[in-house]
Amino acid sequence: MDALYTAVATANGREGRAVSSDGTLDLPLALPPALGGDGQGTNPEQLFAAGFAACFASAMSAVGRQGKIDVKDVSVTAEVGIGKDTDGGFGLSVVLRVELPDHLQGEPGRALVEQTHAFCPYSKATRGNIPVELVIE
């Protein structure tokens, strides 16, 4: 693959800062209270959720354009969970909640979401690595 764009960011742990190379992203990081932290900053799971939701919504726009489907009123929410895995470490899971307008309810919407899941770069990156559940609302 020839990269069209490369994002670069540096972090110094879950309780520090995350900074992009161009300075547009500069965030304090903190463990969420559920993991024993004070929650006084963002965390990698929130960043991943925001990225996945944005990428999936953008991918749906591209798939919609190809199929001449109006997707302007679609909204995507990503829920990224972290927990202990079977190897004694930690693993992630994702639920993508796709809110569709009335004209896309039923099979047309399901087909659009499935096509988007096959097309989205985040979906491709996670496929076979972490569970991703698609929920249409």
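Side notes on the structure shown:
- Across the range 84-125, the qualifying residues are those that are in contact with a helix residue (DSSP H, G or I) (Cβ under 8 Å, 6 or more places away or on another chain) and part of a strand (DSSP E or B), and the one among them that is surrounded by the fewest Cβ atoms within 10 Å (Cβ to Cβ) is Leu92.
- Only residues that are in a loop (DSSP other than H, G, I, E, B) and loosely packed, with under 12 Cβ neighbours inside 10 Å were counted across the range 22-39, and they come to 5.
- When residues in the range 5-21 are screened for being over 20 Å from the mean Cα position of the chain (by Cα) and surrounded by fewer than 10 Cβ atoms within 10 Å (Cβ to Cβ), 1 of them pass.
- Consider the range 41-73 and keep the residues that are within 22 Å of Gln105 (Cβ to Cβ) and in contact with an Asp or Glu (Cβ under 9 Å, 6 or more places away or on another chain). The one that is surrounded by the most Cβ atoms within 10 Å (Cβ to Cβ) is Gly64.
- Residue among Thr24, Thr116, Thr10 that is out of contact with any Asp or Glu (no Cβ under 7 Å at 6 or more places or on another chain), among the hydroxyl-bearing types (Ser, Thr, Tyr) and within 23 Å of Ile130 (Cβ to Cβ): Thr116
Here, each number is a calculation from the coordinates, and none is a lab measurement. All of these numbers come straight from a predicted model, not from anything done at the bench. Using ideal geometry, Cβ is built from the backbone for each residue, glycine included, and neighbour counts are taken over all protein chains shown.
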